[in-house]
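The values are calculated or read from the model by the stated rules, or taken from the named source; none is laboratory data. Owing to the predicted nature of the structure, the values given are computational and were not obtained by experimental measurement. Cβ atoms come from the backbone with ideal geometry, glycine included; neighbour counts cover every protein chain shown. The area values use the complete protein model at the heavy-atom level, side chains included, leaving out ligands, DNA and RNA. Shrake-Rupley method; radii C 1.70, N 1.55, O 1.52, S 1.80 Å.
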Amino acid sequence: MKVITFSTEYPKGFDCTDRLTWFPEKIWANFSQEQVEPFYNSIPADLRDRFFSLFAYEQHVKCNWIKGTTIRAGRRWKTGDKFSPRIWTGKPYNSKQFAIWPELTVLKIEIFERNLCGNFFLDGRFLGDNHIDTIAEHDGLGPAPFRSWFNKEFSGQRITFGQTALNSPIF
């Protein structure tokens, strides 16, 4: 099975008031509390205490802060692919990974690009500021952190795995 690893902290140099991305809880917000609680309770206590918060999950659901997409370089994903969403338990690439949900399915694939001039495109269509704001929201980021994350030329795929993002068209 394919794997997608999510950051639990913003990269150094990011101008964020909170160092934590809360991506696991924002991904969980795609699911009901009845689905999340048993999974949360199955996480070993040392990892649960370090990386996860049911309170944060509940706040993300209440405020509709849901991560239903991720943007990745390359073109290896197809609609229908399944993947294991994971986080690093320590330093990225130098620690074990931990699955933050049993399995997710790719619901939609779009080509996402940023050119040298700083313009963003989705499937070849120009994205205005309101479109970028929506894409950032679906990706679990605010507009400023999103633009910081994609601050240079980029070509890849926007992978939709959450129903809320799927049901919220960009155009």
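The table below gives the values:
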item	result
Of all residues making up region 111-129, the number that are open to solvent by less than 50 Å² (accessible area, probe 1.4 Å) and either touching a residue at least 60 places away in the same chain (Cβ under 8 Å) or assigned to a loop (DSSP other than H, G, I, E, B) (or both)	3
Residue match in region 77-86 (condition: under 28 Å from GLN33 (Cβ atoms), acidic (Asp, Glu) and touching a helix residue (DSSP H, G or I) at 6+ places or on another chain (Cβ under 7 Å))	no
Wholly within region 1-93, helices (runs of 4 or more DSSP H) carrying at least 2 residues that are loosely packed, with under 11 Cβ neighbours inside 10 Å	33-42, 45-51, 54-62
Candidates GLU153, GLU137 - the one that is charged (D, E, K, R), within 30 Å of ASP49 (Cα to Cα) and open to solvent by 60 Å² or more (accessible area, probe 1.4 Å)	GLU137
Restricting region 98-110 to residues that are open to solvent by 70 Å² or more (accessible area, probe 1.4 Å) and closer than 30 Å to LEU47 by Cβ, the residue that is modelled with the highest pLDDT	GLU103
Which listed residue is touching a strand residue (DSSP E or B) at 6+ places or on another chain (Cβ under 6 Å) and at pLDDT below 95, from SER95, SER168, SER148	SER95
Filtered residues of region 98-122 (kept if out of contact with any strand residue (DSSP E or B) (no Cβ under 7 Å at 6 or more places or on another chain) and more than 24 Å from GLU25 (Cα to Cα))	ASN115, LEU116, CYS117, GLY118
